[in-house]
Amino acid sequence: MRTAYSVETVRTAERELMARLPDGALMQRAAAGLAAACADLLGRVYGSRVVLLVGSGDNGGDALYAGARLARRGAGVTAVLLVPGRTHAGGLAALRRAGGGVAGPGAAEELIGRAHLVVDGIVGIGGKGGLRADAAPLAALAEASRAAFVAVDLPSGVEADTGEVRGAAVRADLTVTFGTHKPGLLIDPARAYAGAVRLVDIGLELPDEPELEALQHADVAELLPVPGAESDKYRRGVVGIAAGSARYPGAAVLAVAGALRGGAGAVRYVGPAGDAVISRFPETLVSDKGPEQAGRVQAWVVGPGAGDDAATVAEVLGADVPVLVDADGLRLADMGAVRARTAPTLMTPHAGEAAALLGVPREEVEGARLAAVRELAGRYRATVLLKGSTTLVGDSGGGAVRVNPTGTAWLATAGSGDVLSGLAGSLLAAGLSAVDAGSVAAYLHGLAGRFAADGAPVGAHDVADAVPGAWRDVRDAMS
């Protein structure tokens, strides 16, 4: 599992480690990893031209020591000092001993124009509010150049703990981060500024519970429900789908499609789109008597394409089983009814729906996704899966927020969320917790989107059809 920790936690771990190491040893570990990553990116170090953009913090020191290592291997290294009077003295001395040069910001344009590699050591992980006015033009020059652009620990200008970008920021080709990932490296919009991310182990001892965690194939494989020899459809779980309307029958079909591929033993459908559902999926158990009369279920999905059917949403929320609320159901659900539930509730809004629930502009949710998912989970006392470029899953009980690493922009297509809802609901019925069901569903859904698209546009039904392949891919990784 990939994990990320807050700035405060990282700094505490660094202080504890530095107390046990010789002076400067931790920075040398970081610089060695940074230099190795830069060398790999360059391919040929000897004769290459490297420019270091150096601020006043420890990131500047890391860049200078790494530059000294590259200079000793034959690179032509020049440090552009943004704050000459506050430059890391030891790192600057090391660079000069290795034959590196020093320049002011006025020389940056010419140097960057000839460089093969530019290293961003402007601001450390404590930076807030975007790049300063004197640094922003240098970052823009590097981004526009032909040089590879490498960020030290975190792209300067993005916020480490939140993933927010509140001004100009470095857009790196590669970020070399030390000790652990920072939340901003995993969450958009900051994630898009990081490029590829390389983690360098510097020996930090970190707490068991991180701020963020991202499941990998092995983690998902361990959570997938697998039937045993004595399983029948009821032991595997039955998921109820209360979705669709005369106007949106396709939402019901797509939610059922996702549910049938999610590991539960049977799918019950309740709603006005029964004919459309049964014609596409004859294995579905269809009822027109409402959720309370539909028969035994272990979890419900309510809301996709529901229109204005508030009565059905209320009826499902009254059930004493896990419930997933999506789409129209989010608008129709009474907050008090959700908060009063004792069985798990999983809400799956996209940014626009989350903004409506929070009473803020959509842009505020998109710019501060981590804060939004935590706020929604707290308000509703529910688990919230916030869909988007980086899907997040947060729980009202606190703990690590899950971030999904498998998404693709091709999933931004009508009905894709309905498939995700059915898939997650089926996993709930199969016995996964709300956090695990949401996380595993998002992972499989993203992987299925990649497989289905393969670089070309797809429809939601293609994504549903690709879920078994994604499931097998995850399982095969364990064999």
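The values are calculated or read from the model by the stated rules, or taken from the named source; none is laboratory data. Note that this is a predicted model, so its numbers are computed, not measured. So basically every Cβ, Gly included, is an ideal-geometry build from the backbone, and we count neighbours across all protein chains shown. For the accessible areas, the whole protein counts, side chains as well, though only heavy atoms, and no ligand, DNA or RNA atoms are used. Shrake-Rupley method; radii C 1.70, N 1.55, O 1.52, S 1.80 Å.
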The stretch 239-266 - residue that is among the hydrophobic types (A, V, I, L, M, F, W, C) and surrounded by fewer than 24 Cβ atoms within 10 Å (Cβ to Cβ) and, of those, nearest to Ala333 (Cα to Cα) | Ala246
Of everything in the stretch 1-49 that's surrounded by fewer than 16 Cβ atoms within 10 Å (Cβ to Cβ) and of a type in the set (Asp, Glu), which residue is farthest from Asp120 (Cα to Cα)?
-> Glu16
Assigned to a strand (DSSP E or B) and buried (at least 24 other Cβ atoms within 10 Å of the Cβ), is that true of Val393?
-> yes
Selection from the stretch 277-294 of residues closer than 11 Å to Gly240 by Cα and surrounded by 14 or more Cβ atoms within 10 Å (Cβ to Cβ) yields Thr284, Leu285, Val286, Ser287, Gly290, Pro291, Ala294
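Residue-by-condition table, conditions (1) modelled with pLDDT of 95 or more; (2) β-branched (Val, Ile, Thr):
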| residue | (1), (2) |
| --- | --- |
| Gly258 | yes, no |
| Gly265 | no, no |
| Ser279 | yes, no |
| Leu285 | yes, no |
| Val297 | yes, yes |
| Val302 | yes, yes |
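A quick yes/no check of all residues on (1) without any contact (Cβ under 8 Å) to a residue 12 or more places away in the chain; (2) within 21 Å of Ala30 (Cα to Cα):
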residue	(1), (2)
Ser56	no, yes
Tyr65	no, yes
Leu70	no, yes
Val83	no, no
Ala89	yes, yes
Ala108	no, no
A careful count of residues in the stretch 127-161 that are in contact with a Leu (Cβ under 7 Å, 6 or more places away or on another chain), open to solvent by 20 Å² or more (accessible area, probe 1.4 Å) and modelled with pLDDT of 95 or more gives 1
Pairs with Cβ under 7 Å, 6+ apart, first in the stretch 15-29 and within 15 Å of His88 (Cα to Cα), second among the acidic types (Asp, Glu) and open to solvent by 40 Å² or more (accessible area, probe 1.4 Å) | Leu26/Glu14; Met27/Asp58
